[in-house]
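This report concerns only the one structure given below.
The values are calculated or read from the model by the stated rules, or taken from the named source; none is laboratory data. In this text the structure is predicted, and so the values were computed from the model without any measurement. All Cβ positions, even for glycine, are placed from backbone atoms using ideal geometry, and neighbour counts span all protein chains on display.
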Amino acid sequence: MVIRRVLAPRIDFGALRRELGLPEEFPPAALSEAEEAAAAPPRPAADRTDVPFVTVDPTASRDLDQAMHLARRPGGGFRVRYAIADVAAHVRPGGALEAETWRRGQTVYLPDGNVPLHPHTLSEGAASLLPDADRAAVVWTIDLDADGGTVGVALERALVRSRAKLDYVGVQADADAGRLPEPIALLPEIGALLTARGLRRGAVNLPLPEQDVEPDGDGWRLVLRGPAPMEDHNAQISLLTGMAAADMMLAGGVGLLRTMPPPKPEVVARLRTAAAPLGVRWPDGVGVGEVLAGLDASEPRAAAFVDQAAELMRGAAYTAFDGAAPEQPLHGGVGAAYAHVTAPLRRLADRYATEVCLALHAGRPVPDWARAALPKLPEVMAATDRTAGAATRGAVELAEAVLLAGRVGETFDAAVLDVDAPPNGQPKPGRQPGGTVALDAPPVRARCTGELPLGERVRVRLVTADPTTRKVVFALA
């Protein structure tokens, strides 16, 4: 795992919040409903508090959607228990709180505090799967064979109790030392099996490092963090559950899928053409997902290839259906049908998709309030996805501009990740050639003008760093 941190002074993210129109406070009626729900939390009839669930999240997180327990099955294979916060049990259909969550769509994360989907009294309190507290949950029990194939799925509302709030850094250290706690001791084994199955069915995962802005005393730090193996294993459990949910909804003829077209052959062909010049080995018969999985994205030429591969991941959407299955029900990145059901505290769609699954599994009609919401959710989720993405990009761009504002004219070492590809081979009149570079230090990614060699290391000069416009531009030195 690569982590680079560079301190930046105090930054005011208020202008970004206003620009995006992010809500500040919850309406009084919505807050009142949340407080009433928190004061009288639901207690499902099924009691699974004997199962020693644990959560695995970023260190500072308190909106804990998921808890897991992994075990071997007596006859061979594995049993995955995945408890998901039962948000629908806390939010009254037709109420003020439900209406406000539709306005928000999802939790938006900013360095100076999140803009939550639900009031903190629920999202970081009564509905969150915090340790040592009884909580209402939707528990998925997924049985796997010895190769990681799904052989059985059960679903129920149940009372659960998490035993510990674990974080990715600590879990990775425990895994490296061979001392993972019992509830997740099998996570590396199961995660590796699920990853291998995904690659065989054509799943594509881009191993891109995350760029974040984090508080650091009186200032901020810009962080470039590569994914740890245990984060990938943890993600496989969520993907497993999402695929089980999608299969359940497709079999039942009603639901909400997360879809993405499979990579277009011409896009894959262009990527294959780019592989050799970047020194990426792509043997015949090997899928693009397998090629990407074998790369070290901290190496410049591999990072450039991964950046080029982002073109494969286009067209993600939410697709509702009631009756006939969608013409294209698959998610190209997953290599299978997939649905969002594992983050209802942070994402609106998950609450309704989960309710559909509960009804289908029990053999009862889908509640009218959930069924009526399905066709409306794709538009709402598309809009809030755009807002959340703009918030993340804007926060990083602002931090980069503040960090570099006093260094215009300096030169830096960088790697070329992307080069402009003019349509029809003709550059746009008046536009300088250029592309995207990633600096070694500080961990900044920005536009650079000049004739850039893709995947190579270059020296660049900072020509613009404007916090007001959040614009950073380099030129080839």
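Below is a table of values for the structure above.
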quantity: The range 445-475, residues that are crowded, with 21+ Cβ neighbours inside 10 Å and touching a Phe, Trp or Tyr at 6+ places or on another chain (Cβ under 8 Å); calculated: ALA446, CYS448, GLY455, VAL460, LEU462, PHE474
quantity: Selection within the range 177-196 - more than 15 Å from ASP143 (Cα to Cα) and either touching a His at 6+ places or on another chain (Cβ under 9 Å) or charged (D, E, K, R) (or both); calculated: ARG179, GLU182, PRO183, ILE184, PRO188, ALA192, THR195
quantity: Tally, over the range 64-119, of residues that are under 13 Å from LEU345 (Cβ atoms) and part of a strand (DSSP E or B); calculated: 6
quantity: Residue identified as touching an Asp or Glu at 6+ places or on another chain (Cβ under 7 Å) and farther than 22 Å from GLU290 by Cβ among ALA185, ALA137, ALA127; calculated: ALA137
quantity: Qualifying residue in the range 102-113 (condition: on the phi > 0 side of the Ramachandran plot, assigned by TED's automatic domain parsing to the domain that holds LEU187 and not hydrophobic (A, V, I, L, M, F, W, C)); calculated: yes
quantity: The listed residue being touching an Asp or Glu at 6+ places or on another chain (Cβ under 7 Å), part of a loop (DSSP other than H, G, I, E, B) and at pLDDT 95 or above, out of THR49, THR59; calculated: THR49
quantity: Matching entry among ASP247, ASP176 (being among the acidic types (Asp, Glu), assigned to a helix (DSSP H, G or I) and more than 18 Å from HIS331 (Cβ to Cβ)); calculated: ASP176
quantity: Check on VAL169, part of a loop (DSSP other than H, G, I, E, B), in the same structural domain as ALA83 (by TED's automatic domain parsing), among the hydrophobic types (A, V, I, L, M, F, W, C) and at pLDDT below 95; calculated: no
quantity: In the range 33-46, residue surrounded by the most Cβ atoms within 10 Å (Cβ to Cβ) [restricted to those that are part of a loop (DSSP other than H, G, I, E, B) and among the hydrophobic types (A, V, I, L, M, F, W, C)]; calculated: ALA40
quantity: Residue in the range 88-100 that is within 19 Å of PRO52 (Cβ to Cβ) and small (Gly, Ala, Ser) present; calculated: no
quantity: Some residue of the range 157-169 being in contact (Cβ under 8 Å) with a residue 12 or more places away in the chain, buried (at least 21 other Cβ atoms within 10 Å of the Cβ) and within 27 Å of VAL380 (Cα to Cα); calculated: no
quantity: Filter result for ASP112 (in contact with a helix residue (DSSP H, G or I) (Cβ under 9 Å, 6 or more places away or on another chain) and modelled with pLDDT of 95 or more); calculated: no
quantity: Residues satisfying the stated conditions in the range 287-328, i.e. out of contact with any Gly (no Cβ under 8 Å at 6 or more places or on another chain) and more than 21 Å from VAL268 (Cα to Cα); calculated: GLU299, TYR318, THR319, PRO326, GLU327
quantity: Residue identified as closer than 28 Å to LEU224 by Cα, of a type in the set (D, E, K, R) and modelled with pLDDT under 90 among ARG301, ARG272; calculated: ARG301
quantity: Residue count for the range 192-236, restricted to those that are in a helix (DSSP H, G or I) and within 13 Å of the chain's Cα centre (by Cα); calculated: 5
quantity: Helices (runs of 4 or more DSSP H) enclosed by the range 287-402 - at least 1 residues per element that are under 20 Å from the mean Cα position of the chain (by Cα), under 30 Å from LEU222 (Cα atoms) and outside the structural domain of GLY226 (by TED's automatic domain parsing); calculated: 288-293, 300-309
quantity: Unique residue being closer than 30 Å to THR469 by Cα and not aliphatic (A, V, I, L, M) when the list is ARG48, ARG103, ARG43; calculated: ARG103
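Let's see how each residue does on (1) under 30 Å from PRO44 (Cα atoms); (2) basic (Lys, Arg); (3) surrounded by fewer than 22 Cβ atoms within 10 Å (Cβ to Cβ); (4) modelled with pLDDT of 95 or more:
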| position | (1), (2), (3), (4) |
| --- | --- |
| ALA185 | yes, no, yes, yes |
| GLY202 | no, no, yes, no |
| LEU222 | no, no, no, no |
| ILE237 | yes, no, no, yes |
| VAL254 | yes, no, yes, yes |
